[in-house]
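Heads up: the structure comes next, in structure tokens.
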Amino acid sequence: MALHLIKLCVGVERVEQLRDWQAQRTLARRASGEDDHPFHVTRMRPRRSREVLDGGSLYWVIKRVVQVRQRILALDEVIGEDGIKRCKLVLDYPLVETQPVPRRAFQGWRYLESKDAPADLSRSGDGADLPPQLRAHLREIGVW
């Protein structure tokens, strides 16, 4: 069974903003001949990496709400400019919107068991066809 990671998406206000930011970075890397997959570099490598790589996703917390996930394709070791080893989470392209689930702030990333992971909106039928602004407004006023 897949094991997921959950992480705060600092500096991002909306899913569309994350989507646009990743698209711009993808185009820039593609133009320079680099691997164009989205990625996130984190300080610690998951010790349970085998489980994470068995179909796990990175669930992004945006504005204190889990809103979207991306499948984790690889966990690569990278060395930062400071000479410290870090873990590069190589992600799949599509951002898959999930049922909104409130989440308190935390540092770094945490493991997320499959049984606790929010369902995808497209599979749940709960608001996948609503415009993003309406979904955000419903969350803000506490209706959803």
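Where a number appears in this text, it was derived from the coordinates with a stated rule and is not lab data. Predicted model, so just to flag it, every value in this text is computed and none were measured. Because the Cβ atoms are built from the backbone with ideal geometry, glycine has one as well, and the counts that use them run over all protein chains shown.
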Pairs where the first residue, in the stretch 77-98, is under 18 Å from Arg50 (Cα atoms) and the second is outside any loop (DSSP other than H, G, I, E, B) and small (Gly, Ala, Ser), C-beta under 7 Å, 6+ apart:
Val90/Ala74
Residue tally, condition surrounded by 12 or more Cβ atoms within 10 Å (Cβ to Cβ) and part of a loop (DSSP other than H, G, I, E, B), over the stretch 95-122:
5
So Arg69 fits all but one of (1) assigned to a strand (DSSP E or B); (2) basic (Lys, Arg); (3) farther than 30 Å from Pro131 by Cβ; what number is the exception?
(3)
I'm trying to understand the selection: among the residues of the stretch 1-33, which are in a loop (DSSP other than H, G, I, E, B) and surrounded by 11 or more Cβ atoms within 10 Å (Cβ to Cβ)?
Ala2, Cys9, Val12, Glu13, Arg14
Residues of the stretch 34-58 being within 14 Å of Arg110 (Cβ to Cβ) and loosely packed, with under 15 Cβ neighbours inside 10 Å, in sequence order, are Arg43, Met44, Arg47, Arg48
If you go through the stretch 37-45 one residue at a time, do you hit one that is of a type outside the set (Lys, Arg), outside any helix (DSSP H, G or I), under 12 Å from the mean Cα position of the chain (by Cα) and farther than 23 Å from Arg103 by Cα?
yes
Looking at the stretch 1-51 only, could you name the residues that are in contact (Cβ under 8 Å) with a residue 40 or more places away in the chain and among the small types (Gly, Ala, Ser)?
Ala2
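Just the residues that are acidic (Asp, Glu), under 15 Å from Leu18 (Cβ atoms) and out of contact with any helix residue (DSSP H, G or I) (no Cβ under 7 Å at 6 or more places or on another chain), please, taken from the stretch 83-124. It would help to see each step written out before you state the result.
Keep residues of the stretch 83-124 that are acidic (Asp, Glu), which gives 92, 97, 113, 116, 120.
Remaining after also requiring under 15 Å from Leu18 (Cβ atoms): 92, 97.
Answer for the stretch 83-124, where residues must be acidic (Asp, Glu), under 15 Å from Leu18 (Cβ atoms) and out of contact with any helix residue (DSSP H, G or I) (no Cβ under 7 Å at 6 or more places or on another chain): just Asp92.
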Just the residues that are closer than 16 Å to Glu97 by Cβ and not hydrophobic (A, V, I, L, M, F, W, C), please, taken from the stretch 46-73.
Ser57, Tyr59, Lys63, Gln67, Arg69, Gln70, Arg71
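Would the stretch 59-82 turn up any residue that is of a type in the set (Ser, Thr, Tyr), over 23 Å from Leu121 (Cα atoms) and surrounded by 15 or more Cβ atoms within 10 Å (Cβ to Cβ)? I'd like the intermediate steps shown before the answer.
Of the residues in the stretch 59-82, the ones of a type in the set (Ser, Thr, Tyr) are 59.
When the remaining residues are screened for being over 23 Å from Leu121 (Cα atoms), the result is none.
No, the conditions are met nowhere in the stretch 59-82.
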